[in-house]
Amino acid sequence: MNGEAGVHQWNLTHQQTQNVLYYFWIESIIYGPIIFFTKFSILLLYLRLLVPTHWSPLWVVNHIIIAISAMFYASITLAKIWQCSPREKTWDDNTPGTCINLPLLLQVSGLFNTISDVLILLVPIKPVSTLRVSWWKKVGICGIFTIGAVAPIFSALGFYARVIGARSRDLTYNNPKILLWGTAEITTGIICACLPTLPSLIRGPRTQSASTFPPNPLSLGRNSETEVKEYIELRESGLETGRGSGQLTRHSQVREV
């Protein structure tokens with residue numbers, strides 16, 4: 001968005017107002033797919049590291065959130081693309097035509113973002129709290145959750161900006177605030193999704209386990225919840241669940257290329 005964004009609408013020409021609203025429309029369309037795949041990557045991480053068996057409560061909850069999020073963001077993105085007929089009326093109010101209730105659409109989107117962020121933050125708390133790991137690893141896990149807690153705060157502030165914006169016709173001043181909070185929410189989500197790989201980045205190219213993330217026992221045909229807990233707790237210590245007989249074997253050491 002150009003430098004005209006964030007300026008009160010009465011201080012802009014009609015052409016400048018059109019430019020701001022056009023770019024806001026483009027960025028609001030892009031927002032849906034980006035925020036969905038950010039949340040999707042976090043939920044996939046939960047499935048890989050924390051889900052003991054298929055159809056366990058955590059497995060079901062993760063898939064429900066993924067399915068609902070996919071349907072919601074697909075619908076909201078399509079609605080934003082065709083919010084006005086003709087499409088030019090989206091950024092030019094002088095064009096004859098009709099539009100859906102965009103402020104209501106933005107408020108519904110903001111409310112869903114906040115609720116889904118809170119759910120994603122709460123989902124792994126119980127399985128993580130039962131892990132028997134060293135205190136410094138618990139500190140690291142708490143750090144991840146602390147950063148993750150910022151995302152619902154940003155989405156809540158974005159929802160508040162949508163509510164305030166719905167009461168005003170000063171679109172060029174209010175709409176950029178929505179984008180700023182949305183960008184902060186997405187950035188926080190991407191950081192949280194990437195944090196589990198941070199230890200490997202810090203250690204650098206030296207001797208370490210053959211895989212930063214050993215495969216989930218589900219992929220090995222394992223269904224014992226106890227074994228999965230052991231797998232999660234020992235993963236950082238270089239131990240991996242055996243593929244065949246159920247015993248624990250020392251993870252082979254290789255030099256990373």
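In this simple spin-label approximation, LEU47 and ILE26 carry label points 7 Å from Cα along the Cα→Cβ vector, and these lie 3.4 nm apart. Cross-link pairs exceeding 25 Å in C-alpha to C-alpha distance, out of LYS39/LYS89; LYS39/LYS80; LYS39/LYS126, comprise LYS39/LYS89. Can you tally the net charge around ASN11? Count Lys and Arg as +1, Asp and Glu as -1, for every other residue whose Cβ sits under 12 Å from the Cβ of ASN11. Local charge sum for ASN11: -2.
Just check region 1-74 against the gyration tensor rule for me: Cα atoms, a ≥ b ≥ c as the square roots of the eigenvalues, rounded for a/c under 1.5, and otherwise prolate or oblate depending on whether a/b exceeds b/c. Taking the square roots of the gyration eigenvalues as a ≥ b ≥ c, region 1-74 is prolate.
Using 0.36 nm per residue and subtracting the Cα-Cα separation, the extra length available between ILE153 and HIS8 on full extension is 49.6 nm. Distant-in-sequence amide contacts of LEU12, defined by a placed amide H-H separation under 5 Å and a gap of 5 or more residues or a different chain, comprise nothing. The simple spin-label model puts a point 7 Å past each Cα toward its Cβ; for VAL60 and ASN94 those points are separated by 5.8 nm. Taking 0.36 nm per residue of sequence separation and removing the Cα-Cα distance, the ILE190/TRP135 pair yields an extension gain of 17.2 nm. Among the chymotrypsin sites (Phe, Trp or Tyr not before Pro) within region 51-127, those in coil by DSSP and having at most 16 neighbouring Cβ atoms inside 10 Å are TRP55, TRP82.
Each reported figure results from applying straightforward, stated rules to the coordinates on display, with no laboratory input. Note that the structure is a prediction, hence the values are computed from the model and not measured. Cβ: placed from backbone, ideal geometry, glycine included. Neighbour counts: every protein chain shown.
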